[in-house]
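This report concerns only the one structure given below.
The values are calculated or read from the model by the stated rules, or taken from the named source; none is laboratory data. Quick caveat: nothing in here was measured; it's all calculated off a predicted structure. We place every Cβ from the backbone using ideal geometry, glycine too, and count neighbours over all the protein chains shown. Surface areas here come from the heavy atoms of the whole protein model, side chains and all, with no ligands, DNA or RNA. Shrake-Rupley method; radii C 1.70, N 1.55, O 1.52, S 1.80 Å.
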Amino acid sequence: MASTVAVVGILAASATLVAGLSAVGAAAIHSQRLAGAADSAALAAADTVTGLAAGEPCDRAADLAATAGAAVAVCDIDGFVVTVTVTARFGVFATSATARAGPPPG
């Protein structure tokens, strides 16, 4: 009888651990996807600022972010340097990522 209780306890602890690690893994994947969306949006906006692509820089950034399921929260243009912050939802949490694109400083 005691071994049955021990086995049930071990299975419950293992299930809880697996569920927790799965949530952490999903959050890590979401973070990387959001960072990629920010990078792509910033690069697209920088290409537009430098004249390599047509259109409005922040509109191009918003279009690219939308394809990744994110929205542009901030689009800052300083000369040829573009800084973009994108946001998305992860469950009940609002998450964001920021990327900068343009020529190197200096």
Worksheet item: Taking a ≥ b ≥ c as the square roots of the eigenvalues of the Cα gyration tensor of the stretch 36-106, is the shape rounded (a/c under 1.5), prolate (a/b larger than b/c) or oblate?
Response: prolate
Worksheet item: Between the helical axis of 57-67 and the dominant principal axis of the chain, each derived from Cα atoms, what acute angle in degrees is found, rounded to the nearest 10?
Response: 30 degrees
Worksheet item: Which value, in debye to the nearest 20, gives the size of the charge dipole of the chain about its Cα centre, when Lys and Arg are +1 and Asp and Glu are -1 at the Cβ?
Response: 440 debye
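Just from its helices, what would the mean residue ellipticity at 222 nm be for the chain, if runs of 4 or more DSSP H residues each count -39500 (n - 2.57) and the sum is divided by every residue, rounded to the nearest 500 deg cm²/dmol? Display every interim value, and only then the final one.
Values: 2 runs with 60 residues, N = 106.
Value at 222 nm, helices only: -20500 deg cm²/dmol.
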Worksheet entry | Given charges at Cβ of Lys, Arg, Asp, Glu: the chain dipole, positive-most of Gly69, Thr50, Phe93 | Phe93
Practice prompt. Give the accessible surface of the chain per residue, rounded to a whole number of Å², with probe radius 1.4 Å and ligands, DNA and RNA excluded.
Written response: 63 Å²
Fill in: Rounded, prolate or oblate (a/c below 1.5 giving rounded, otherwise prolate when a/b exceeds b/c) for the stretch 1-65 by Cα gyration tensor
prolate
Worksheet entry | Whole-Hz ³J(HN,Hα) from phi, Karplus 6.51 cos²θ - 1.76 cosθ + 1.60, for the stretch 93-106, glycine and proline x | 9, 8, 10, 8, 9, 10, 9, 10, 9, x, x, x, x, x
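At 0.36 nm per residue, and after removing the present C-alpha to C-alpha distance, how many nm does the segment from Ala2 to Thr95 gain when stretched out fully? Mind showing how you got there, number by number?
Numbers: separation 93, 0.36 × 93 = 33.48 nm, distance 4.59 nm.
Between Ala2 and Thr95, full extension yields an extra 28.9 nm.
From Cα pairs below 8 angstrom and at least 6 apart in sequence, can you work out the relative contact order of the stretch 1-101, rounded to a whole percent?
Details: 139 pairs, mean separation 25.0, N = 101.
Reported as a whole number, the value is 25 percent.
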Practice prompt. Determine how large the accessible area of Asp39 is when every protein chain is in place; take a 1.4 Å probe and give Å² rounded to the nearest 10.
Written response: 80 Å²
Discussion item. Accessible area of the stretch 23-99 with a 1.4 Å probe: how many percent of it is carbon plus sulfur?
Written reply: 58 percent
